[in-house]
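Student: Can you keep this structure in mind? I'll have questions shortly.
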Amino acid sequence: MLETKPLNFIEHIIETDLSAGLPPTSLRFRFPPEPNGFLHIGHTKALGINFGLAKKYNASVNLRFDDTNPSKEDQRFVDAIKKDIKWMGYSWSNETYSSDCFEQLYFWAVKLIKEQHAYIDPQNSSAIAIQKGTPTCPGTNSPYRNRPAEESLALFETMKNGDSKEGDLVLRAKIDMSHPNMLMRDPIIYRVINKPHQRTQNKWRIYPMYDWAHGQCDYIEQISHSLCSLEFRPHRDLYEWFLRTIKSQCNVAELKITPKQREFARLNLSYTIMSKRKLFSLVEQNHVSGWDDPRMPTISGLRRRGYTPNAIKNFISKVGVAKRDNVIDVSLLEFCAREDLNKTSKRAMAVLNPVLLKIINYPEKHKEELFFVDNTESKNPNSRSLVFNSELYIEKEDFSLQPTPGFKRLSIGSEVRLKSAYIVKATHVELDNLGNLVAICCEYDPKSLSGSGSLESHRKVNTTIHWVCKKTAVSAEVREYDRLFTSPSPDADPNIPFENFLNKESLQTRNAFVEPFLLTASPGNKFQFQRLGYFNTDDDSTSNRLVFNKTVSLRESKIKKPTNQPLKQATQLKPIETIKKLGKKFIKVSEEKQKELKDRILVLSKDITLVDLTPLFSASTKKRGTRAVVLICLSQLKKNKKPFPAEAKLFIQLALEDENQTLQYLAAEAASE
């Protein structure tokens with residue numbers, strides 16, 4: 001009996017809507033990137049969810065470019081996004097732009113003004129922010145909140161006609177300045193940007209804010225389910241208010257489907273940053289060679305590194321669809337790459353750190369053709385010939401003059417097998433005047449040819465090493481990439497610049513020798529270099545200058561713990577570990593005991609940073625004790641006068657909305673100014 005995969009929570013929502021009478025033909029999804037940068041690995045989750053649902057339910061997906069900020073957007077980003085989505089194997093039904101809806105959005109905004117649901121405010125952003133209050137303190141009304149509709153309409157027209165400077169006037173929705181959700185406190189819905197738009201040129205000088213354009217474009221396009229990441233959960237109240245207001249005040253009879261916004265946990269990856277602003281900074285400051293640098297988490301960077309669409313899709317499938325944010329270890333993505341490349345990549349010989357190997361008993365001018373299997377994992381493996389003679393290149397690391405105990409590769413007097421060839425024994429070495437190794441001299445067993453069937457060919461030796469024939473070897477540039485950051489959470493603490501964690505050794509370039517078969521490699525061709533890892537032919541590669549990028553190693557690299565440090569006593573826990581232990585019992589103890597624990601946690605939290613707390617922001621809603629101690633730590637950390645990251649703000653907001661009064665109280669302390 002075939003196993004059926006359980007439905008995720010979004011599929012449950014769709015099934016419920018279909019059961020309630022939503023016609024299957026009305027299902028429609030959208031993927032709405034802003035064309036101000038390249039797509040990154042985080043976007044692949046949204047792509048997988050939306051296009052996956054469309055495939056499952058035979059529905060359509062609109063590719064909508066959210067082009068509402070001409071100061072940051074560019075056609076090259078539009079082209080790059082479309083290229084990346086196609087490369088991932090997805091096809092959209094309609095290509096749309098928020099700018100397609102500018103006329104309708106403007107008319108609806110005018111209607112809001114006429115019905116006293118919006119007004120023009122000339123105050124600057126600082127004054128508006130102060131009036132909004134705090135999560136625990138209601139805001140105060142703008143002095144312009146009750147401006148006559150005719151006055152606001154006239155000022156809105158001056159904004160539209162380009163007669164206002166940027167920042168002089170904004171259009172705000174009139175909702176509720178005491179609403180517990182601060183996004184509902186008279187949000188800005190239009191501002192002036194006096195810059196030409198990539199599509200509409202100079203037609204518009206007013207541009208809608210995200211919250212105004214987002215839901216209304218969904219409505220105009222008749223999107224049934226507007227799926228976005230969890231940081232937009234607080235925006236849902238505003239999304240629904242706009243839709244309700246438009247439906248009640250405007251003639252929208254032809255729009256039958258009211259979109260439903262639902263949120264899923266975003267993809268956070270260790271040793272990676274997802275902020276487009278920070279990725280843009282890496283490019284602008286030349287920390288990387290461009291948006292498609294193989295160290296970048298962009299789809300174009302992953303493609304150039306050698307990742308495949310199938311590997312990325314498998315990764316997204318393993319991550320799953322959840323309601324709570326968490327951090328996925330980047331090693332899972334690397335595992336998925338190995339798993340896919342192992343099945344599909346041809347095998348090849350390459351020597352990255354070459355040293356000459358002389359076979360002194362092999363006939364000097366003789367050569368022979370040996371056969372090498374392309375991919376033993378393939379259902380129909382092919383083989384090709386390799387030239388073998390008396391002079392080869394091997395890796396320097398595969399030989400030692402003074403082998404340590406357990407060294408199983410080549411050393412004086414020891415034997416190894418040359419891949420698909422003979423068994424050799426090192427006899428002596430050649431050194432230069434400075435004592436540097438020039439060549440390793442060895443003897444081969446002429447009866448030990450691999451696959452010959454002879455008794456000698458079955459002889460066991462310590463290991464097998466790879467090689468390249470000196471006479472036919474081809475020079476190549478090999479770029480070995482490591483993680484771009486040394487910290488698993490490089491941007492978790494706003495007090496520490498993420499650039500501080502850049503890995504200065506994330507790129508190592510080697511001048512290697514490879515077998516001549518690789519002269520036919522085209523950009524994008526992938527290979528397993530025997531014993532070294534998986535490599536992709538770079539976009540820069542030509543037949544005159546081969547360039548290969550290392551995608552991943554053959555096996556996961558384990559970080560070795562230092563052995564020369566004294567072990568700490570078991571009782572000496574790090575402050576964050578002690579805090580986590582206290583969280584297990586915090587909610588269960590008496591109020592008096594909670595006060596004692598709180599005082600202790602406040603002291604401990606002086607020795608932690610936001611980096612320590614970041615993994616706990618994804619704690620389950622049921623773990624109220626853990627959430628409580630994190631809120632206490634945040635109330636201490638806010639004294640540093642540094643802004644909290646979005647994950648911390650969302651964590652606090654969810655606690656404010658929790659039914660548990662202790663969490664509400666602690667969240668209010670963490671949120672207060």
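The values are calculated or read from the model by the stated rules, or taken from the named source; none is laboratory data. Bear in mind that the values here come from a model prediction, so they are computed numbers and not experimental data. Neighbour counts run over all protein chains shown; Cβ positions are idealised from the backbone, glycine included. The accessibility values were calculated without ligands, DNA or RNA, using every heavy atom of the protein model including side chains. Shrake-Rupley method; radii C 1.70, N 1.55, O 1.52, S 1.80 Å.
Student: Sorted from largest to smallest, which semi-axis lengths in Å does the alpha carbon gyration tensor of the range 220-270 give for its equivalent ellipsoid, taking the root of 5 times each eigenvalue?
Tutor: Three semi-axes, in Å: 27, 12, 6.
Student: I've got another one for you. Would you compute the Debye intensity of the range 1-91 from its alpha-carbon atoms alone, equal scatterers and no solvent, and pass along log10 I(q)/I(0) at q = 0.19 Å⁻¹ to two decimals?
Tutor: Listed by q, the Debye log ratios stand at -0.93.
Student: Continuing with the same structure: Restricting to DSSP loop positions (anything but H, G, I, E, B) with no more than 14 other Cβ atoms inside 10 Å of their own Cβ, which trypsin sites (Lys or Arg not before Pro) remain in the range 575-621?
Tutor: Sparse-neighbourhood loop trypsin sites (Lys or Arg not before Pro): Lys588.
Student: So with the 1.4 Å probe, I'd like the accessible area per residue for the chain, rounded to whole Å².
Tutor: 49
Student: Quick one: net charge around Ala149, please, counting Lys, Arg +1 and Asp, Glu -1 for every other residue with C-beta under 15 Å from its C-beta.
Tutor: +1
Student: How large is the charge dipole for the range 89-230, taken about the Cα centre, if only the Cβ atoms of Lys, Arg (+1) and Asp, Glu (-1) carry charge, to the nearest 20 debye?
Tutor: Roughly 300 debye, rounded to the nearest 20.
Student: If you don't mind, another one. Stick to the Cα atoms of the range 140-241, pair each with every other, and give me the Kirkwood hydrodynamic radius in Å at one decimal.
Tutor: 15.3
Student: Among the listed pairs Lys55/Lys86; Lys45/Lys580; Lys111/Lys174; Lys526/Lys550; Lys45/Lys550; Lys598/Lys639, give every one whose C-alpha distance is greater than 19 Å.
Tutor: Correct reply: Lys45/Lys580; Lys45/Lys550.
Student: Along the principal axes of its C-alpha atoms, what lengths does the range 390-433 span, in descending order and rounded to whole Å?
Tutor: 32, 28, 17
Student: Report for the chain the percent antiparallel among DSSP-assigned beta bridges with both residues inside it, nearest 5.
Tutor: Percent antiparallel among DSSP bridges in the chain is about 65.
Student: So which GluC sites (Glu not before Pro) in the range 1-63 are both in a DSSP loop and have at most 11 other Cβ atoms within 10 Å of their Cβ?
Tutor: Of the GluC sites (Glu not before Pro), the ones in loops of the range 1-63 whose Cβ has at most 11 other Cβ atoms within 10 Å are Glu3.
Student: Rounded to whole Å and ordered largest first, report the semi-axes of the equivalent ellipsoid of the range 248-363 derived from its Cα gyration tensor (root of 5λ).
Tutor: 45, 20, 14
Student: Separate question: Quick one: give the max-minus-min coordinate of the C-alpha atoms of the range 308-393 along each principal axis, largest first, in Å.
Tutor: Largest to smallest, the principal-axis extents are 69, 31, 15 Å.
Student: Please report how far the C-alpha centroid of the range 488-546 lies from that of the range 402-431, rounded to the nearest whole angstrom.
Tutor: Cα centroid of the range 488-546 versus Cα centroid of the range 402-431: 29 Å apart.
Student: Still on this structure, I have one more. Could you work out what % of the accessible surface of the chain is carbon and sulfur, using a 1.4 angstrom probe and leaving DNA, RNA and ligands out of the count?
Tutor: Reported share for carbon and sulfur atoms: 49 percent.
Student: State the Cα centre-to-centre distance between the range 280-296 and the range 1-48 in whole Å.
Tutor: 31
Student: What whole-number value in cubic angstrom gives the convex hull volume per residue for the C-alpha atoms of the range 244-307?
Tutor: Looking at the range 244-307, the number lands at 179 Å³ per residue.
Student: As an exercise, use a Förster radius of 45 Å and the Cβ-Cβ distance of Asn353 and Leu573 to find the FRET efficiency, rounded to the nearest 0.05.
Tutor: 0.55
Student: Among bridges DSSP assigns within the range 12-105, what percent are antiparallel (round to 5)?
Tutor: The antiparallel proportion sits near 0 percent.
Student: Taking the Cβ of Gly162 as the center, what net charge do the other residues with Cβ under 14 Å away carry, scoring Lys and Arg +1 and Asp and Glu -1?
Tutor: Once all neighbours under 14 Å are counted, the net charge is +2.
Student: Only bridges with both residues in the range 399-498 count here: give the DSSP antiparallel percent, nearest 5.
Tutor: 65
Student: While we're looking at this one, here's another question. Can you check what the net charge comes to around Lys278, using other residues whose Cβ is under 13 Å from the Cβ of Lys278 (Lys, Arg +1; Asp, Glu -1)?
Tutor: Surrounding charge for Lys278 is -1.
Student: Looking at the range 593-653, what % of the alpha carbon pairs are farther apart than 18 Å?
Tutor: Counting pairs separated by more than 18 Å, the tail of P(r) holds 30 percent.
Student: Return the inverse of the average 1/r over all pairs of distinct C-alpha atoms in the chain, which is the Kirkwood hydrodynamic radius, in Å to one decimal.
Tutor: One over the average 1/r among Cα pairs gives 29.5 Å for the chain.
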